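Chemist: I am attaching a structure below and will ask some questions about it afterwards.
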Amino acid sequence: MNKLTYVGMGIAMTVLGGCGSGDGGSCGTVAACGGNIVADWTIVDACLSAGGAAVFGDFCPTATIDGSGIRASGTAAYRADGTFDATITMSGSVAFTLPASCLMMNGITITCAQLDQAVKQQQMTDPDPSIQSISCAGTSSCRCTAQMVPQTSPGAGTYSTSGTTLTENGVESGSYCVKGNELHLISGSMAMGSFELTGDIVLTK
């Protein structure tokens, strides 16, 4: 399999940044502060990043990423008796822009239409289960958009807080801050397909 036909399944992110549609404007701007977490909460926004190998591997190490299409939704309840339950769904799309310098192979320019055919063919023959669809378009540079399969992560059990740290089921899940009617779950992590998402998830009560 050559690099062109493999590129569709070689998607992995070094930086994925995006904010949802919350109207508070505080996503990603609140430092860990602790506070009383006991309440029923609803997710209203998320500003996330993800770690991984280079985007498109050796095929295009200079590709850039737009994660503004990623969304988070769901609820979380932290009770006074030290129990919790939560359901978080990640959905949406990520986009990758490949500059013209990546579209030359052995002196031949690869068009965005050819790249689009290659990634679609690869998704058909060796599908990535975390991707619903992928397509590429453009002229001198190509923008490839991957629509992700929505992924829901339920959780339940016991929790505790210490300072600014939230621990769930005996495992530290990150720092947090209760500010007014907002709860910021900061630096927590969750998987979405092969991607590990981290960042600020904003909930209100």
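Chemist: Of 198, 112, 158, which is farthest along the charge dipole of segment 97-205 in the positive direction, counting Lys and Arg as +1 and Asp and Glu as -1 at C-beta?
Modeler: 112
Chemist: Now a separate question. Between residue 171 and residue 31, what is the label-point separation in nm under the 7 Å Cα-to-beta-carbon projection?
Modeler: About 2.9 nm separates the two model spin labels.
Chemist: Next up: Report the convex hull volume per residue for segment 77-205, counting only C-alpha atoms, in Å³.
Modeler: Numbers: hull volume 19.6 nm³, N = 129.
Output value, Cα hull per residue: 152 Å³.
Chemist: Along the Cα→Cβ direction, 7 angstrom out, place labels at residue 121 and residue 66. What is the inter-label distance in nm?
Modeler: Between residue 121 and residue 66, the label points sit 2.7 nm apart.
Read-outs throughout are calculated quantities, based only on the coordinates presented, and are distinct from any laboratory measurement. None of the values given here were measured: they were computed from a predicted structure. As a convention, Cβ positions derive from the backbone with ideal geometry for all residues, glycine included, and neighbour counts pool all protein chains shown.
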